[in-house]
Each structure stands twice: as C-alpha cells, then as structure tokens.
Amino acid sequence: MTQPIAGAAARPEASIVERDLLATLNPLGRAGHIWIASLVGVCLLALVAYIYQLASGLHVTAMRDYVSWGAYMTNFVFFIGISHAGTLISAILRITNAGWRRPITRMAEAITVLALMVGASMVVIDMGRPDRILYLLIHGRLQSPILWDLVSVTTYITGSFLYLYVAMIPDMPILARFARERGRSPRLVRLYEILSLGFRETPEHRRRLTRALGAMAVIIIPVAVSVHTVVSWVFGMTLRPGWHSTIFGPYFVIGAIFSGTAAIITAMAVFRRAYRLERYLLPEHFQRLATLLLALSLLYGYFTLSEYLTAWYGGFGSDSRLLALLAGSTAYGTSFWLWGVFGLFIPIGLLVMPSRRSLTAIVTASVLINIGMWIKRYLIIVPTLETPFIPAQAAGITPHYFPSLVECTITAGAFAAFLLLFTLFSRIFPILSVWETLEDADEAESKVAGERASRHSSLAPAGLTILLIAGALTSVVPWARASAQVQKPVPRIELTRSMVDSQDMLVAKVSANGRPVVHAVVEFSVTRTFGVMTLGQDTTRDDGTARVGFPVGLPGDARGELKFRVTIESPSDLIGPPVEVVLAGGAPRVAFIDNVPRALWSSRAPLPMVATIIFLLLCVWITYAFVVIQLIAMRRLKEHA
Amino acid sequence: MKMPRREFLRAGLLAAGGLTAGTVGADRLLGAGAKSSGPRAAATLALTADGELVVTPSAEYAALAQTSDEVRRGIPGRRWVMVFDLAACDGCGQCALACAKNHFIPTDREYLRIFKMQDSPDLAPYWFPRPCFHCDNPPCTRVCPVGATFKREDGIVLIDNERCIGCRFCMAACPYSVRVFNWSRPNDPPEAHTRGYSPEWGYPRRVGTVEKCDFCADMAREGKLPHCSSHCPMGAIWFGDENDDAVTNSAGKTVRLSKLLRDRAGFRYMEELGTKPRVFYLPAVNRQYPAPNEPGANHGNLPRGGETQSAQ
C-alpha cells in the first residue's frame, strides 16, 4: 500500500525538509501584503453589504416570492461541497495508507474546516431573522431537514476541527522550536507549546496519536457523507420538479467530492507557486489527484445524465417545463450547456489521457470544475423555483432571478473570507504536514512500511326509531296582535319527524285559528354555522301538513340536535318570521380524526425518529470523545515525564 | 421563580448542546412555561418577542401566552373547508381585493391569487382562484424547523410571525406557491396596529417572516365568512365547516357540502401530490359568464393583478 513517491532518493534531508516547509511561515513580502489587504477589503465591503441587508431586509436581494432562494443557498451548497475535499483525500487516503497523501492532507483538512465555516455562515446570511437563530435550539423540530442540517453540520465542523488538530499535533513541538529560534513572539511560541500537548517522539505518544487519527479518519467519512446527503434533502424532501429526486443524496455527495477534489488541486497549485513548494508538491501528486478527479467527473456526468434524461424521457408536465427552462433556449439553457462543455467535457478531455496531461491541464480542469460546480448548483436551485406547479405566468407574472449587487458583494465576500482564512491559516501553521512529509522521507529511506492507521476499521346515522315531538312553538308574532282588528290569521306550525310512506320526513303542520291551512307554501331549512341551509319547499295538504325529506346524516350539535326553521312563503297574509324548532336526529359530531400521518408535522418528532437520530449522533460523538481521551492521555504522559 | 432572559437563553443553548434530546426538553420546558400563569410565563414571552418588540413583562403579555395555546389548537370541533365554483367565477378579482383590504396586504403580494388557466390549447380557459389550501397533510408545516407554521385541529394552517426565523423552507416546500415573504420592512397602515398581533390575522407584519392566506381564522371565530367569500359578487366562494356538512356563500345561501361536491363533481387541485387540501373546486362546466378569452370577459384586468408585480 505504501508507495513512496518516485524520486524519493533525491529527497532532501530532514533538516532541509523542515527548513523548506517552515519557510512558508516567514514574513510576507509585498505581494503577500497586497493579497491580504485586498481580501480584507472585499470582506469589509461584504460586511457593509450585509449590514445594509440587515437594516433593509432581504428586499435588497433579487429574491422574491417565487424565487425565494438564490445565490446564498448556492454558496451554501458550494462551500459545503468544497468541504468534502478534506474528508476524502485525507481520511480515505489515510485509511488506505496511501503514501502520496502526505503533502496534501493538511491542506485538505484546512479546506474542510474553513469551507464549512463560510458555508454555514451563508445560511445565517440567507435568514430573514438571524436574530432568532436560537429558536432553532429552543423550538427545534427534528422532523425538519433544517434541523438535520444543523445537527450534522455541527457534528461535521466539530469533527473536522478535531481531525485537523490531531493531525497537527506532531508538528507543534517542531513549530515551537522553530518560532523560538526565529525569535518570533513569545505568545506564538506559547500557542504552539499548548497545542503540542507535550507531544514527543515516544512509542506511547505515537500509539495514542495513531489511535486518535485512525478513529477520526474512520468516523469523519460517514459524517461527511451524511452532511451532503442532508443538504440535498433540503431540496429533495420538497414536492418540486427537479428537486424531488431519489438520487439527490448520492448526486450531491458525488458533486461535493468532485468539487472538493478540484478545490484541493487548485489550492495545491496556488500554494506550490506562492510558497515555492515545487520540491514537495510533485507533478506525481497532481497526477494521482487528476486520476481521482477524472473518475469523479465521469461519475458526476453519469449522475447528471440519469437525473435529466429520466426527467426528459418520462416527460411529466412539470418536469418538461423545468427542462424547457433549464436546457432550452433561455439564459439557464445557455448556462447549462456551457457548464456541460466547460465544466464537464473539457475537464474530462484534459484529464483523460494520463500521459498527456500536463500540470497546467490539470489545474485548468480543476478551476473550470470549480466555476462550473457553482453554476451547476445555481442551476439546481433557481430554475426549479421559477417553474412552480401553478404557472405564475397564468397570473401574469414571470418569475425571474438574477443576484443583486448586495448578493454579489456578499458572495464575493464569502470567497474572499475563505481565501483570507486559508491564507492566515498558512501563516500560522505549515500548509504541508511537516511530520508526515518527514515520515515519507523516512519510509523512502528504510522502505519500512509505516503503521496502518486504521483497522477500524380515521357518521353513524341516527336511529330512525327516534320520533320526537317538537318543542313548543317558539315565536309569538307581535305584529299579529297589533293588527288584531283585521282578524289576521295567526299561523301555528308544528314540526315533527315522522315516517311517511316509509320515508323519513320532516313534517310541518300549519294551522291558523285552530284550522289547518291548505295550499300554503312552506319552506324548510336548517341552521348551519354561517347561514341557513334550505331543505326544500312544500305546499300544505288538506290536513295542513307539508313535508320534505329529513336531512339524514346531517351533523347536529354536541347533543345531536338540529335547529330547523320553518317559514311560510305564501299566502302573503300568513308570512311571518321563521319558526325555529330543535329536533333530535342529527348525526353526532365526529371527534377530530387524524387520517393523515400527523407525525411529520406535529410539534414533536416521532419517537423512532428521535431515537434513530440520537443513536447515530451518539456513535459519532462517542468516537469524538474517544479521540479527546487519547489527547488527554497524551497530555498526562507529559506530566509524568 | 423568575428566570432572567440571558439565563433562560443559556439554558436553552446548553440543553440543545446536549444533543437533540435536549432540544425536545427545552421545547417542553417552554410549553409548560407558557401554560402556567405567573412570572414564568412572562419570562417565556420575553424570549418570543426577542429582537423586535420592547419587552414589557406585563399581564398583557401573560394573557397572550395563555391564548397562544388556543391559537395553536384552533376552534374545537370545527373543520373549515372552502369550495370554489369555477363555473361561477368570472375572474373579477373582488375576492382578492377584499382580502387585501382586510389584511392590509401590501401591493407586492396576494394571499388569494387568480390564475387564468388553460389546461391545453384544445380546452377552454377558466379562472382559477387559489388561496392557501390549508392541506391536511401540509408539506410546509413538516419542514418548518422551529414550529412557526402549524396545523390546527380546525384544519387551518397558520404562521406565528413572532417565531418564524425566515429560512423560507416552507415557501420552497409549498407546491402551490402560496407563501409570501416580508422582504422589506413592513409599512402597515395605522389600522393594522389597533388590535395587536395574532397568528389568526397575521398583522402587524414582521420583517423577514413568511405570511399567507389564513382562512380568516379571526372571522371564523366570530362566525363570519372569510372576506373573499363574503365579497364574491358571483357567490362562487363557499365556506363552511366540514363537521357541519354545509357551506355558505356571499348570497347567504347554505348548501350541503357533501351533496354539492357529489352533484357537481368537486375536486381538489393536484390530488396526486397527497397534500389533502381543504379547498375544493367545482369544475367550470356550464359557465355563467364569458370564458376568459371570449368577448365581454375579464381580460385579466383584475383590480389587483399579478401584472402589477414585477420580479424586482
């Protein structure tokens, strides 16, 4: 497994390695200062833009009700993607004990931590109410993919910090010595000493370190995979064309590793030139990463084909509209195809022939992939939001999004912050792992295989037998009394429910002055929440009765009672206010029946979900604790010594 | 026992820091605090109004804390439901106008939007008014990370703008594009400030939070029809209680819901999405008005049309 780099024979001695690698910490020249000053400048501009956004609201962005996510979410996905660099290169290569990883691991791990910090901040910048961020902890609902994001990203950041740090421990004594020799500030020396945990080259120290590193390298891989899977689920768990896709998890994970690897190659090229590390970052390293990048670009191409070809061939209405926008003659279509050419095919072309790929070709491919992957994420987020199920165009609206100046400034600031942090990191800690590079040199000499790091390895109708006589007449007709001289007839209405010709009927018996009223038109109705529901009209027969069908199954009140209304429509001398009668026979009210899977939208998460998430987290955090215990043990060793 | 805000916040932080079980614990703690009266409830509310209101731990706030549970539960025994009669809708837009007026909706958004639909070139166009569907299986409510949007027992989906963190995940999750956002600082008229805030009416507005059609939960509480329904000149918007099996329109006509849906072949929009909307439609057959493209029709000249909204 351990493959010493070719040409290791010409490797300089340990002292020279140290000198060369630590030289990266030497005071910056003019170009360096200009670089840092300009990055700080862009960050400050972005800060001003953010303060302006905070003061004015998100109106200063180009985001509106249809396209409610834009550049910030793109940045979020992009940076989280970049962060996968460290995991793959460092952890996988460490587990497989690939010797050529050594000059790359530090850079990769630093990219992970820094990209995560920048990526996570993008979500906060995208929030309408960043002042309520603590609600995520106070009112957090585990059913929301955002909580999954919060939990996994937090776990990932913690793990990455730990991983980066553990792998730096053996460098710390070297750094302390170096800083002392160079007369650097005592505070810096003290920082290195504290961070060193008293590490020395003793078998016990080594054993503890190897254990800690091995455990971290293993656990960080599932954590990293979970993070980008969960990021994809923020889109994948919605009912939106182009997002609700079963392959979104792996698609995003591959995309992340793809862009992460390209980011590492780009960073390597930059540091190689800026810090004159040509002797350590050999073309061989670029070549090996290029092979990996080629494999990942083919994989990403394959996932992209699967995603869009099935959508196009199947031709769901919503999918078709999305594809017409995404791949048709629109700005998005142009971008999509340009991405295909410049972000995928050209890089593949540059990488496909191992014998013909120059360093320039590899770096060009990496830069194209990085730019392309930002655009690809934008194309995943924005066009879907522009093609809702109910076409906005049907209401005369054409949703459109293009980042505003504020968004562009903040995006620039995010990139500047990433580069600045990376630069500053490389000013304090060597960008190449000194101890691992030395180890590489040792191996080259003795050809003794290094130790393997890991072996870890929801109405019932009322009974018809109920025949209830109505309650007494409720209304006294006042105007009838007033005009008593005219002998205006005072109608009497009795309402009953009875079986007529074996039909369930509502029967009103109308009489006036003790005699049945014939040929009067009677309207039956029943009161409901917002009004009176007409049941029907009937004309009184010789016995003065009129009838309509009983509203079987109509829900009554809590006691199953229905409030009926009987109104005489004609003859006009009988018209009066309605008579209200309460009768039993309404269907009993149904209690609230939850016939939908409430668990997902209730305020509390279902127990199995909580248990699963806690179990997974415990696995990870116990591993972290194990690593920390190794570090504490290391520190104790020093005290005993 | 008075809990100073900072300490309470820290308690929340620590609890959540102790993994997810802690978060659930903090939620329960807060719920308990809101139900019990006294100084503890006041402490809870101090947090709810965090960052925007001047916090006065007064009895007024304590009262709000007690009713918030009622607001979240809804009106007991009710299952509100809306039915749009597409055969009667002539696209006049009076519903949207009344809605906007009574909710003090700014000109850049609509709770009730009228679409001119034409399912295929061979089929006749029709007007399609779209409020919030108040789904029984709401995708928006699922994804809310803080429980700011919630499903009530009376079927209404509401938003607590004092809890919303503005992540807009619900906007992305709603397949009907119902939800709108307070992109800029609200400019509510003075009338909007007369009765304080409640999720049941959603104003005064809060910047950086999501809002939408609320089925006029406050009107329902008073036994009144929603503004859109009561203002429809065609009587095309029926509203009622499913448990009552009756819906009423602006003409004051009340009909049996089950019969209406059965006789008129009612449907729900995009049933296949599985969201189980509480809004039904009656197909646009035997129209009582000229179709959108026929002479004499409303040519989308809605009093409040989407036309006035630009992307920027």
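Derivation of every value follows stated rules applied to the coordinates shown; laboratory data play no part. Worth saying up front: this structure is predicted, and the values here are computed from it rather than measured. In this analysis, Cβ positions are derived from the backbone assuming ideal geometry, glycine residues included, and neighbour counts consider all displayed protein chains.
Compute the Cα gyration tensor for chain A, then decide on rounded, prolate or oblate, letting a ≥ b ≥ c be the square roots of its eigenvalues: rounded whenever a/c is under 1.5, prolate when a/b is larger than b/c in the other cases, and oblate in all that remain.
Judged from the Cα gyration tensor, chain A comes out prolate (a/c at least 1.5, a/b above b/c).
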What net charge is computed for the residues neighbouring A:SER318, neighbours being all others with C-beta under 14 Å from the C-beta of A:SER318, Lys and Arg scored +1, Asp and Glu -1?
-2
At a Förster radius of 35 Å, what calculated FRET efficiency corresponds to the Cβ-Cβ distance of B:SER184 and B:LYS276, to the nearest 0.05?
0.55
Among residues other than B:ASN187 whose Cβ falls under 15 Å from its Cβ, what is the net charge (Lys/Arg +1, Asp/Glu -1)?
0
What is the spread of the Cα atoms of region B:80-307 along each of their three principal axes, largest first, in whole Å?
46, 37, 33
Roughly how big is chain A's charge dipole about its Cα centre, with Cβ charges of +1 (Lys, Arg) and -1 (Asp, Glu), in debye to the nearest 20?
1640
Residue-averaged beta-carbon neighbours from other chains (10 angstrom radius) around A:54-67
5
By count of other Cβ within 10 Å, fewest leading, how are A:TRP339, A:TRP601, A:TRP312 ordered?
A:TRP312, A:TRP339, A:TRP601
Roughly how many Å is it from the Cα centre of region A:230-270 to that of region A:331-404, as a whole number?
13
Post the alpha-carbon centroid distance, region A:92-144 to region B:76-119, in whole angstrom.
43
Per residue of region A:334-351, what does 6.51 cos²θ - 1.76 cosθ + 1.60 with θ = phi - 60° give for ³J(HN,Hα)? Whole Hz please, x for Gly and Pro, Karplus curve as stated.
4, 4, 4, 6, 4, 4, x, 6, 7, x, 10, 5, 4, x, 4, x, 6, 9
Tally Lys/Arg at +1 and Asp/Glu at -1 over every other residue whose Cβ is under 13 Å from the Cβ of A:ILE89; what's the total?
+3
What does the charge dipole of region B:80-307 about its Cα centre add up to, to the nearest 20 debye, if the Cβ of each Lys and Arg holds +1 and the Cβ of each Asp and Glu holds -1?
280
To check you understand DSSP bridge types, tell me what percent of the beta bridges within region B:80-307 (both residues inside) are antiparallel, rounded to 5.
85
Work out the FRET efficiency for A:LEU616 and A:ILE133 from their Cβ-Cβ distance, taking R0 = 30 Å, and round it to the nearest 0.05.
0.80
Give the order of B:ASP122, B:ASP154 when sorted by the count of other beta carbons within 10 angstrom, beginning with the fewest.
B:ASP122, B:ASP154
Can you figure out the FRET efficiency of A:ASN513 with A:SER320, using R₀ = 60 Å and their beta-carbon distance, to the nearest 0.05?
0.20
Which of A:ASP131, B:ASP245 has the fewest Cβ neighbours within 10 Å, and the rest in rising order:
A:ASP131, B:ASP245
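Express the relative contact order of region A:478-584 as a whole percentage, based on alpha carbon pairs under 8 Å and six or more residues apart in sequence.
Reported as a whole number, the value is 24 percent.
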How many partner chain Cβ atoms sit within 10 Å of a residue's Cβ in peptide B:108-115, on average, as a whole number?
3
Tell me the label-point distance for the pair A:VAL367, A:SER572, using the 7 Å Cα-to-Cβ offset, in nm and rounded to one decimal.
9.5
Taking 7 Å along the Cα-to-C-beta vector as the label spot, tell me the B:ASP119-A:THR398 distance in nanometres, rounded to one decimal.
2.8
Checking the table B:LYS101/B:LYS224; B:LYS101/B:LYS253; A:LYS563/B:LYS276; B:LYS101/B:LYS151; B:LYS101/B:LYS259 against a 28 Å threshold on Cα-Cα, which pairs fail?
A:LYS563/B:LYS276; B:LYS101/B:LYS259
Given unit charges at Cβ for Lys, Arg (+) and Asp, Glu (-), the dipole magnitude of region A:478-584 about its Cα centre in debye, nearest 20, is 300
Distance in nm between pseudo-label sites at A:ASP501 and A:THR539 (7 Å out along the Cβ direction from Cα)
1.6
Could you tell me the center-to-center distance, by alpha carbons, between region A:604-620 and region B:232-250 in angstrom?
45
Summing -39500 (n - 2.57) over every DSSP H run of at least 4 in chain A, dividing by its residue total and rounding to the nearest 500, the 222 nm mean residue ellipticity is -18000 deg cm²/dmol
